[in-house]
Amino acid sequence: LQIDNSGGNLMKTLLTNKLKSGGSPSVEWNGKDATGGYVPAGTYTYKIWIEDKAGNRASPYPVLGTVEVK
């Protein structure tokens with residue numbers, strides 16, 4: 001799971017190679033970038049690469065969405 005700014009630059013990676021059990025898992029982002037500073041207000045894109053143990057991928061791959069930081 002990664003967070004990119006409007007220019008497509010990576011701001012923060014939240015999860016890497018983490019297995020999550022079924023259900024409705026959630027991840028919280030504290031609005032900080034990789035250096036620990038708060039990101040400026042704006043719209044950020046999150047990308048999630050979802051794949052099960054058998055190698056089946058979510059569609060679309062990666063899953064994209066946006067989050068607004070105020």
Count the lysine pairs in the chain whose Cα atoms sit under 27 Å apart, keeping only pairs 8 or more residues apart in sequence or on different chains. 14
How about region 27-70: which GluC sites (Glu not before Pro) there lie in a loop by DSSP and see at most 12 other Cβ atoms within 10 Å? GLU28
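Of the accessible area of region 1-66, with the probe set at 1.4 angstrom, what percent is carbon plus sulfur? Don't jump to the answer; show the numbers that get you there.
On the way: 2340 of 4880 Å².
For region 1-66, the apolar C and S fraction of the accessible surface comes to 48 percent.
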Cα atoms only: what Rg and Dmax, in Å, come out for the chain? 13.0, 39
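The values are calculated or read from the model by the stated rules, or taken from the named source; none is laboratory data. Note that the coordinates shown come from a computational prediction; the quantities given were computed from them, not determined experimentally. Neighbour counts run over all protein chains shown; Cβ positions are idealised from the backbone, glycine included. Side chains are part of the model used for accessible areas, which takes the heavy atoms of the whole protein and leaves out ligands, DNA and RNA. Shrake-Rupley method; radii C 1.70, N 1.55, O 1.52, S 1.80 Å.
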